[in-house]
1. Peptides 571-577, 123-129: what's the order by average Cβ count within 10 Å, highest mean first?
2. Of Leu224, Ala209, Val301, which is farthest towards the positive pole of region 187-340's charge dipole, taken about the Cα centre with +1 and -1 on the beta-carbons of Lys, Arg and Asp, Glu respectively?
3. If DNA, RNA and ligands are ignored and the probe is 1.4 Å, what is the ranking of Glu623, Glu613, Glu316 by accessible area, most exposed first?
4. Rounded, prolate or oblate: which fits region 465-533 when a ≥ b ≥ c are the square roots of the eigenvalues of the alpha-carbon gyration tensor, with rounded for a/c under 1.5 and prolate only if a/b beats b/c?
5. For the chain, what is the calculated [θ] at 222 nm in deg cm²/dmol (nearest 500), taking -39500 (n - 2.57) for each run of four or more DSSP H residues and dividing by its residue count?
6. Roughly how big is region 354-460's charge dipole about its Cα centre, with Cβ charges of +1 (Lys, Arg) and -1 (Asp, Glu), in debye to the nearest 20?
7. Please compute the per residue accessible area over the chain with all protein chains in place, 1.4 Å probe, rounded to a whole number of Å².
8. Counting other Cβ atoms within 10 Å, which trypsin sites (Lys or Arg not before Pro) in region 283-382 have at most 11 and lie in a DSSP loop?
Amino acid sequence: MLVSHTTHQLSPTLLTALAHVLSGEYAFVARVHKMFELLQQAVPFYDGRLLYQSQSHGSEPLYEQINTASRWPMPWNEEQTRQVMHSRMAVQSADALDDATDISNVTTLSVPVVWAEQLCGVLELRAEGSDVFAAPHQTFIAAMLPLLAAAVVAEADKTYALAAHPQAHTLMQRQEDALNDLYEEFGAPYALNEFLTMLLRWSLDATGAEAGMISLVDHDKKQLVAQVYQGYPQEPLSRDIYGEPRRRWSWDMGVSGEVARSGRPLHIRDVARNSHASLSTPDIRSELAVPIFVDDQVVCVMVLDSPRSLAFGDSELSLIQVVCDAATPPLRRALWYQQTLETSTQLGQVFSSIPDGLALLDNEGRVLRHNPAWLGVWGLNGDILNGAFHVPWDLVPHLLPRLHDPLGLSDFCAVGQSSPTEVQTTMVILRDPHQELHVLSTPTRDSLEQLTGRLWVVSDVTREREADRLKNEFISIVSHELRTPLTSILGYTELLLARDFGRDEQREFVQTVYDQANHLSKIVEDLLGVSRLEAGKVKLNLWVVSLRQLMAEMTAQLSPHLSSRHRVVIDIPQQIPPAYVDRDKIKQILINLLTNAVKYSPRGGEVILKVREAFTLPLDHPEGDFLILSVHDQGLGIPEDDLPHIWERFYRVDNSNTRRIGGTGLGLSITKALVELHGGRIWVESIVNEGSTFFFTIPMAVEP
Ligand code: ADP
């Protein structure tokens, strides 16, 4: 029997808190859990449960059970509970062993919950030890019991009503109020995920479920796709090999799969009592799974989970069914919206990943949208796009310093606006750096076929144009340069075959044929050399090399290129340290520069080759110990505009002098590539009609 003489032990604050919790507006199950939590502050127990009469089945009352611990054994001492119900007395009994917790010597206190002389439930508490539920504890429980009884009866009333008519109009007032709020939310335009998140959050609050997930059903693949989830103690989705969450699984698995296939809701009161329940997470004891239909097809499955057994009653199931039925129209809208969003995201991705500059303009030429490449292709930065941006009012002035033909672009825009249905194309040339842009402007229309403006596609074709130019130059130079020696070889051999010449004449002709064949061979060598260098196939054979010795070896090779008009000075100090280079490649570099110096000094003069230790290096030069070599001449010099280009393949300074001299424009590009392969740099200083000096650096051999 409960005793009530030690009232001084009662904590009024705790009782008030309990009253507040038990009369609360939220889910009954959640309120009972809160009650257990508070009660533990006054009464020491490690486990508790409430059996309460939820509805009548004929004359037999049906009981629901709410446990504090998820591992509460089932069934647990039913006989004893029945006894308490009959006797309507608190009973303390000592269990030998609690098999769930492995605690021996457990005392159970069973207290009847009575309302208006009627038994409506049993509260059971378990504690370790034999003398645990002392008088003050029992007093506290006695004081709390009427509050609990009132809450149980109110819940039972509501459940009877729902059991009789499990539809919306029979829901309790507070649920109806909450539903009305939710229906208002349903009217708002939501993106799919936003909508599902709102729906899940509402359902968790309304049922007291601890966790939940809403998945979309993919009928084609017979799969479920997790869309939103909340409340799981551990991340419910595993990761694939790319680190992306695994959102899909076959609908042959799990409770939500069953609901997706059958279209019927499932209520698992306790997983331990349910044969077919194979829940994904081991901590879950009870589960509600409800389908949401759109056009007679299950489109979503909402699952609500709890680690408590019997966490959900029929009232929660009915409520969620009503909500899911009402969710169809807003879900349909959200799905349409999502589909449009996906299409526009896909198009957006295509738009932004295209390497050409794209811009959508309205009828007035205002840029409505542009991709990242648009700015890059014009060489602009993002700042100028703040605010409305017009082509050509804003674009042309920004490009003005670089535009080769400013009026051309403005005219192009004007023509586009005056003939809005025409497709137009133009080429825009920019300076510093040189860029050639191909602009295509096509009219755009909306879904009603009305003209909306234009789409500009701007492609940087500088490289293609350059490749074209190179190809044409290659053909013209090669055909010219090859034809000249070939013509003389053919002419002289024809002569030799046709007639007999004297010995000296014959020798002279054969010498010419030999020289021209050599020249041909050099051109072919250069062509092959360029392609090998470009393919990265040239490897260096590095040795410690004395440059004085190297020059001595080269004199014989150089002499055919020299004439009496040139005085060649070689200035290499005795003490100069050796270089660490590929002997043949350095010879090739020097021969190229020295023959150019002679070739482009038609009036003769001095050609000076100097070698020095490099004590100062140009600013952008790699660090290290280098020798600096220079080849100076007093020849034609190179105009300033041509200086940056002489290193390009097939580039030749175009004037009457150089045309007469002839060449392929390959020598310097090969020379530059060979110098850089050694880790050095090459540059030139030149004054027209005074002469040029080519400088280059090569690594010094350093003592180990
Ligand atoms: P090539 O001599 O076969 O034309 P290069 O690549 O060796 O080709 O030289 C490219 C251009 O640079 C030459 O056409 C010439 O106009 C110019 N150039 C090279 N060296 C000199 C020089 N020492 N003096 C004046 N112009 C030179």
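The values are calculated or read from the model by the stated rules, or taken from the named source; none is laboratory data. Just so it is clear, the structure is predicted and the values come from calculations on it, not from any experiment. Every residue, glycine as well, gets a Cβ built from its backbone with ideal geometry; the counts of neighbours run over all protein chains shown. What goes into the accessible areas is simple: the full protein's heavy atoms, side chains included, and nothing from ligands, DNA or RNA. Shrake-Rupley method; radii C 1.70, N 1.55, O 1.52, S 1.80 Å.
1. Ranking the peptides 571-577, 123-129 by packing returns 123-129, 571-577.
2. After comparing all options, I get Leu224.
3. Most to least solvent-accessible, the answer reads Glu623, Glu613, Glu316.
4. In terms of gyration-tensor shape, prolate.
5. That comes out to -13000 deg cm²/dmol.
6. 80
7. 53
8. Listed in order of number, the matching sites amount to none.
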